[in-house]
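Asker: Once you've had a glance at the structure underneath, I'll fire off some questions.
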Amino acid sequence: MARESGICSTDILVFRATERCIPEYLCLLTHSDPFIAHAMATTSGVQHPRTSWDGLRRFELHLPPLAEQRKIAAVLGLVQRAIEQQERLIALTGELKRALMHKLFTEGLRGEPQKQTEIGPVPESWDVVPLGNVLRESPKNGLYKHQSLYGTGVLILRINDFSNDGDVVCSAANRVAATCEEIEAYGLIEDDIVFNRVNSLSHLGKTAIVGRIAEPIIFESNMMRVRVDLSKIEPGFLFQLLNSPVCKKQVIGSAKRAVAQSSINQGSLKAFEIPVPPLDEQREIVRTFDAIASKSDIYVVKRDLLSDLFHTLLHQLMTAQIRVHELDLSEIDAVVGEA
């Protein structure tokens with residue numbers, strides 16, 4: 001009896017290579033565009049589309065000699081490992097940021113003694129005040145527009161334009177028809193902060209800060225716009241604070257929960273208790289987070305470049321547009337080495 005290392009559900013098709021094909025090559029083949037297109041073309045079902053072996057078995061593949069398969073697998077494996085390395089670096093940078101959030105928002109940068117407050121320990125020189133005290137105007141809910149009005153017009157920021165970790169946004173993926181009065185009332189400017197006010201509890205309160213924008217952008221109704229009083233707080237400091245455990249706990253505690261979603265109103269947001277250090281220390285803290293973000297951005301760019309290289313090579317090698325012996329391996333090594 002064959003020794004098995006595991007089992008799988010009926011939703012999974014298992015491929016086993018014959019002596020004419022090495023498993024690594026077969027695995028790579030199933031990630032190629034022609035194979036995926038064939039699999040999509042042989043799906044059935046509406047709610048739960050699925051393919052089958054009867055449909056996939058008709059797929060015609062390019063099968064080079066075993067020695068060439070091994071070389072293809074080796075080249076693509078090299079690029080895959082470089083991508084994984086960038087993913088690890090991105091994850092480590094995220095862990096560093098989370099650790100720094102805890103340290104900087106409880107200990108500060110000056111090594112001064114701490115005092116106990118309603119939100120936990122903070123440096124003695126810091127104030128703890130309601131968020132509303134550092135705003136120049138009350139938070140404003142965004143604009144609701146019917147889906148039929150989307151497609152053309154002014155850029156509109158939606159919650160899927162930024163991640164749960166907090167992003168700098170300079171554009172948006174959607175456009176909507178809006179009047180000049182609506183653009184004026186709901187327009188975003190640099191250093192505005194947007195706060196997700198309606199969502200599932202795990203995504204409620206996700207936040208973005210507006211960077212340099214090239215054209216007008218408005219924001220959707222399921223978020224609030226926050227504008228700070230620059231004489232009291234740095235926008236970048238509040239942005240990081242809203243993404244920290246200090247405020248995330250208050251998001252959960254203040255949320256009004258319904259069956260499918262939760263919400264926070266302007267009053268609850270303004271009541272958040274936040275630590276506020278002197279402005280010069282705020283700026284130093286912002287620079288620390290900016291340095292981490294810059295490093296993470298470098299890793300993301302490298303990962304994306306390597307991913308593009310992988311998919312280009314995968315397509316060309318699996319469709320025999322190029323043979324592995326025609327590749328300039330020194331150029332691939334150079335790209336991977338830079339990563």
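Asker: Sorted from largest down, what three extents in whole angstroms do the Cα atoms of region 194-247 have along their principal axes?
Answerer: Principal axes ranked by extent give 31, 28, 14 Å for the Cα atoms.
Asker: Which of the lysines could a cross-linker bridge to residue 71, judged by Cα under 28 Å and excluding same-chain residues fewer than eight apart?
Answerer: 302
Asker: Here's a follow-up. When ligands, DNA and RNA are left out and all protein chains stay put, how many square angstrom of accessible area per residue does the chain have with a 1.4 Å probe? If you can, show how the numbers build up before the last one.
Answerer: On the way: 19110 Å² over 339 residues.
That works out to 56 Å² per residue.
Asker: Excluding same-chain residues fewer than 8 positions from residue 248, which aspartates and glutamates have a Cα within less than 12 Å of its Cα?
Answerer: Filter leaves 165, 273.
Asker: What are the residues whose amide H is under 5 Å from the amide H of residue 192, where those residues sit 5 or more places off or on another chain and H is modelled from the backbone?
Answerer: 210
Asker: Assuming R0 = 41 Å, can you tell me the calculated FRET efficiency for the pair residue 283 and residue 62, based on Cβ-Cβ distance, to the nearest 0.05?
Answerer: The value I calculate is 0.10.
Asker: Could I get the Rg over Rh figure for region 1-133? Both from C-alpha atoms, Rh via Kirkwood, rounded to two places.
Answerer: Rounded to two decimals, Rg over Rh is 1.29.
Asker: Okay, next question. Any idea what the dipole of region 1-109 comes to, in debye rounded to 20, about its Cα centre with Lys/Arg Cβ at +1 and Asp/Glu Cβ at -1?
Answerer: Values: 13 positive and 12 negative charges, 26 e Å.
Rounded to the nearest 20 debye, it is 120 debye.
Asker: Let me ask something additional. Cβ neighbours within 10 Å, averaged per peptide: list 196-209, 243-256 in order, most packed at the top.
Answerer: Top to bottom by mean Cβ count within 10 Å: 196-209, 243-256.
Asker: If you don't mind, there's one more thing I want to ask. Which order do peptides 169-175, 152-158 fall in by mean Cβ count within 10 Å, highest first?
Answerer: The peptides rank, most packed first, as 152-158, 169-175.
Asker: Treating the beta-carbon of each Lys and Arg as +1 and of each Asp and Glu as -1, no other charges, what is the dipole magnitude of region 188-301 about its Cα centre, to the nearest 20 debye? Don't skip to the end; give the middle numbers.
Answerer: Working: 14 positive and 13 negative charges, 120 e Å.
With Lys and Arg at +1 and Asp and Glu at -1, about 580 debye.
Asker: Now, a different point. How many percent of the accessible area of the chain is carbon or sulfur, using a 1.4 Å probe?
Answerer: After summing per-atom areas, the C and S share lands at 54 percent.
Asker: Express the C-alpha Rg of region 267-339 as a ratio against the empirical globular expectation 2.2 N^0.38 Å, rounded to two decimals.
Answerer: Cα Rg divided by the expected 2.2 N^0.38 Å: 2.01.
Asker: Just to make sure I understand: if all protein chains stay in place, what is the order of 150, 144 by accessible area at 1.4 Å, largest first?
Answerer: From most exposed to least exposed: 144, 150.
Asker: Ignoring everything but the protein chains, give the 1.4 Å probe accessible area of residue 83 in square angstrom, nearest 10.
Answerer: 30
Asker: Related question: Translational D (Stokes-Einstein, µm²/s) of region 114-172 at 4 °C and 1.567 mPa s when Rh comes from the Kirkwood sum over C-alpha pairs?
Answerer: Taking Rh from Cα pairs, D becomes 82 µm²/s.
Asker: In nm², what is the average projected area of the convex hull enclosing the Cα atoms of the chain?
Answerer: In nm², the orientation-averaged hull projection of the chain is 24.5.
Asker: Still on this structure, please answer the following. State whether region 117-212 is rounded, prolate or oblate according to the following rule on the C-alpha gyration tensor (a ≥ b ≥ c being the square roots of its eigenvalues): a/c under 1.5 gives rounded; otherwise a/b larger than b/c gives prolate, and the remaining case gives oblate.
Answerer: Prolate, since a/c reaches 1.5 and a/b exceeds b/c.
Asker: Now a separate question. For the pair residue 291 and residue 117, how long in nm is the line joining their label points, each one 7 Å along Cα→Cβ?
Answerer: Going from the residue 291 label point to the residue 117 one covers 2.4 nm.
Asker: Indicate, rounded to the nearest 5 percent, the antiparallel portion of the DSSP beta bridges found entirely in the chain. Display every interim value, and only then the final one.
Answerer: Working: 28 of 35 bridges.
Counting DSSP beta bridges with both partners in the chain, the antiparallel share is about 80 percent.
Asker: How large is the translational diffusion coefficient of region 158-220 in µm² per second when you combine the Kirkwood radius over alpha carbon pairs with Stokes-Einstein at 37 °C and 0.692 mPa s?
Answerer: 267
Asker: Of 206/295; 232/256; 97/249; 97/140, which ones are farther than 25 Å apart at the Cα?
Answerer: 232/256; 97/140
Asker: Region 189-339: Rg/Rh from Cα coordinates, Kirkwood Rh?
Answerer: Dividing the radius of gyration by the Kirkwood radius yields 1.16.
Asker: How big is region 268-310 along each principal axis, measuring the range of its Cα positions in Å and listing the largest first?
Answerer: Result, largest extent first: 49, 28, 8 Å.
Asker: Helix 245-254 versus the longest principal axis of the chain: what is the Cα-based angle in degrees, 0 to 90, to the nearest 10?
Answerer: For helix 245-254, the angle is close to 80 degrees.
Asker: Name the longest site-free stretch of the chain, where the excluded sites are GluC sites (Glu not before Pro) in a DSSP loop with no more than 12 other beta-carbon atoms within 10 Å. Let's see the in-between values first.
Answerer: Details: sites that count: 4, 19, 60, 118, 124, 137, 190.
That would be 191-339.
Asker: Quick one, what does Rg over Rh come out to for region 2-72 if you take C-alpha atoms and the Kirkwood Rh?
Answerer: Rounded to two decimals, Rg/Rh equals 1.00.
The values are calculated or read from the model by the stated rules, or taken from the named source; none is laboratory data. What you are looking at is a predicted structure, and each value in this text was computed from that prediction instead of being measured. Quick reminder, even Gly has a Cβ in these numbers, built from the backbone with ideal geometry, and neighbours come from all protein chains shown. Calculation scope for accessible area: heavy atoms of the full protein, side chains included, ligands and nucleic acids excluded. Shrake-Rupley method; radii C 1.70, N 1.55, O 1.52, S 1.80 Å.
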